[in-house]
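*Asks:* This is the structure I want to talk about, given as structure tokens.
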Amino acid sequence: RAVGLGQVYGLSARGLAIDTGLAKAEEFPVFKEFWVERPEADAGTLVVYALLDSPSVAGAYRFVLRPGLDLAMDVQSHLYFRKKVERLGIAPLTSMFLRGENTDRFMDDYRPEVHDSDGLLIGKNTGEWLWRPLNNPRQLRISVFQDRKPSGFGLMSRDRQFDHYQDLDAQYNRRPSAWVEPIGDWGAGGVYLIEIPSEAEKYDNVVAFWVPEEAPTEGKDLRYDYRLHFVSQEFTAPSGGKVVSTRVGAVDPKGPKRQFVVDFTSPLLKLMSPKAKVVAEVSAVGKLTNVVVRKNEEQGTWRLMFELEPEKGKNPTELRAILRSGKDILTESWVYQWNTP
């Protein structure tokens with residue numbers, strides 16, 4: 001785990017994830033030895049070497065730590081496989097999400113929100129940026145976002161308002177976001193997001209990592225280099241438009257229809273007139289109705305509201321939305337997974 005100036009420890013980064021989320025025991029590679037390079041008196045970096053080991057793989061790592069307002073860490077890894085690995089997770093990030101503004105599970109807790117991270121952000125090779133709000137599901141949930149040569153991915157903590165947490169001790173509003181910036185060609189694969197049901201904040205129940213398309217076999221050696229950023233201000237899409245909140249509720253307590261409320265912001269959106277022609281593109285498996293986009297002049301954000309009647313027999317339901325004005329895309333893509341209770 002790492003922090004920058006003014007941050008407190010939150011999510012963590014691991015060396016590797018092996019067979020995570022499969023119907024068998026996960027393997028946990030560990031760093032067995034470390035060597036620290038003695039820095040010069042005026043050095044602005046710290047170099048650390050490490051040996052990673054597990055039954056399936058051995059790895060040589062080199063870390064270059066760059067402390068500052070935010071902390072950056074260059075990671076070079078060379079992996080040697082003793083046997084075939086079914087699911088190899090590169091640059092895994094581990095976090096906790098107990099409850100948030102989108103949580104529909106009741107918990108007897110005075111705090112409105114409890115989490116180290118509140119969303120997965122992905123910068124795709126195509127130029128599209130995805131924001132997937134985290135949740136505490138009722139059952140194990142695995143999502144895969146396929147890509148080739150990704151720009152990056154990370155578990156973010158966007159909500160920095162203390163009154164949304166009300167925790168003087170844990171200080172969740174000061175937890176860092178972590179962003180993985182690949183260096184070199186990572187090829188084809190996908191970002192995996194695994195969310196595990198949890199009843200307590202002491203358990204890390206969220207993990208995200210990159211899985212290469214081709215699983216490594218015995219005798220294979222692989223190199224993966226990347227830069228880890230532990231930041232307070234997260235990376236955003238080139239448009240600057242990002243999701244700031246997601247809320248879900250029943251349209252009728254006795255019916256299947258759900259109402260979704262998604263708020264977006266950006267410097268441009270704040271300046272746009274409430275009469276501007278901002279429209280939403282929303283897609284989902286099911287019947288969409290009452291799709292409305294309007295400006296929230298109280299906060300300068302733009303709100304997307306719609307109702308969804310999930311298709312029978314289709315669970316979970318995948319949803320996606322963006323805001324645009326004419327041909328201009330104004331925001332990142334909001335992606336969500338709704339599970340019928």
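*Asks:* What are the ³J(HN,Hα) values, in whole Hz, obtained from phi via the Karplus relation 6.51 cos²θ - 1.76 cosθ + 1.60 with θ = phi - 60°, for each residue of region 94-105 in sequence order, with x given for Gly and Pro?
*Replies:* Taking θ as phi minus 60°, the curve returns 10, 9, 9, 9, 9, 7, x, 5, 9, 6, 9, 8 Hz for region 94-105.
*Asks:* While we're here: Using Cα-Cα distances under 8 Å and only pairs 6 or more residues apart, what relative contact order does region 246-291 have, in percent?
*Replies:* Relative contact order for region 246-291 comes out at 23 percent.
*Asks:* Now for a different question. Around LYS24, what is the net charge, scoring Lys/Arg as +1 and Asp/Glu as -1 over all other residues with Cβ under 12 Å from its Cβ?
*Replies:* Residues close to LYS24 contribute a combined charge of -3.
*Asks:* Rounded, prolate or oblate, given the Cα gyration tensor of region 109-249, with a/c below 1.5 counting as rounded?
*Replies:* Because a/c hits 1.5 or more and a/b exceeds b/c, region 109-249 counts as prolate.
*Asks:* Using 7 Å Cα-to-Cβ label points, what is the TYR80/LYS314 separation (nm, one decimal)?
*Replies:* With each label point 7 Å from Cα toward Cβ, the separation is 5.0 nm.
*Asks:* Something else: Name the shape class, rounded, prolate or oblate, that the alpha-carbon gyration tensor gives for the chain, where a ≥ b ≥ c are the square roots of its eigenvalues, rounded holds for a/c under 1.5, and otherwise prolate holds if a/b is larger than b/c and oblate otherwise.
*Replies:* prolate
*Asks:* As an exercise, identify the chymotrypsin sites (Phe, Trp or Tyr not before Pro) in region 1-64 lying in DSSP coil whose Cβ has no more than 14 other Cβ atoms within 10 Å.
*Replies:* Here the chymotrypsin sites (Phe, Trp or Tyr not before Pro) that fit, given the DSSP loop and packing criteria, are TYR9.
*Asks:* Only sites in a loop by DSSP and with at most 10 other Cβ atoms within 10 Å count here; which GluC sites (Glu not before Pro) in region 38-109 make the cut?
*Replies:* GLU40
*Asks:* Can I ask one more? Please work out whether region 282-341 counts as rounded, prolate or oblate from its C-alpha gyration tensor, where a ≥ b ≥ c are the square roots of the eigenvalues and a/c under 1.5 means rounded, while otherwise a/b larger than b/c means prolate and anything else oblate?
*Replies:* Prolate shape, in that a/c is at least 1.5 and a/b is the bigger ratio.
*Asks:* If you don't mind, there's one more thing I want to ask. What does the net charge come to around ASN205 if you take all other residues with beta carbon closer than 13 Å to its beta carbon, with K and R at +1 and D and E at -1?
*Replies:* 0
*Asks:* Within 10 Å of each residue's Cβ, count the other Cβ atoms and sort ASP185, ASP74 from fewest upward.
*Replies:* Values: ASP185 8, ASP74 17.
So the residues, fewest neighbours to most, are ASP185, ASP74.
*Asks:* Tabulate in residue order the Karplus-calculated ³J(HN,Hα) for region 170-184, using 6.51 cos²θ - 1.76 cosθ + 1.60 with θ = phi - 60°, rounded to whole Hz; enter x for Gly and Pro.
*Replies:* After applying 6.51 cos²θ - 1.76 cosθ + 1.60, I find 6, 6, 4, 5, 10, 6, x, 8, 10, 10, 9, 10, x, 10, x Hz.
*Asks:* Placing unit charges on C-beta atoms (Lys and Arg positive, Asp and Glu negative, everything else neutral), compute the dipole magnitude of the chain about its Cα centre in debye, rounded to 20.
*Replies:* Roughly 920 debye, rounded to the nearest 20.
*Asks:* Report the local net charge at PHE145: Lys and Arg +1, Asp and Glu -1, summed over other residues whose C-beta lies under 9 Å from its C-beta.
*Replies:* Taking every Cβ under 9 Å from that of PHE145, the sum is +1.
*Asks:* Arrange LEU308, LEU222 by Cβ neighbour counts within 10 Å, fewest through most, would you?
*Replies:* LEU222, LEU308
*Asks:* Find how many whole Å separate the alpha carbon centroid of region 94-164 from the alpha carbon centroid of region 225-261.
*Replies:* Each part's Cα centre sits 7 Å from the other's.
*Asks:* Residue-wise, which Karplus ³J(HN,Hα) couplings in Hz belong to region 259-264, taking 6.51 cos²θ - 1.76 cosθ + 1.60, θ = phi - 60°, and x for glycine or proline?
*Replies:* Using θ = phi - 60°, the values come out as 9, 10, 10, 10, 9, 10 Hz.
No value in this document is a laboratory result; all are computed from the given coordinates. Nothing here was measured: the structure is a model prediction, and the numbers come from that model. Reconstructed Cβ throughout: ideal geometry from the backbone, glycine too, with neighbour counts over all protein chains shown.
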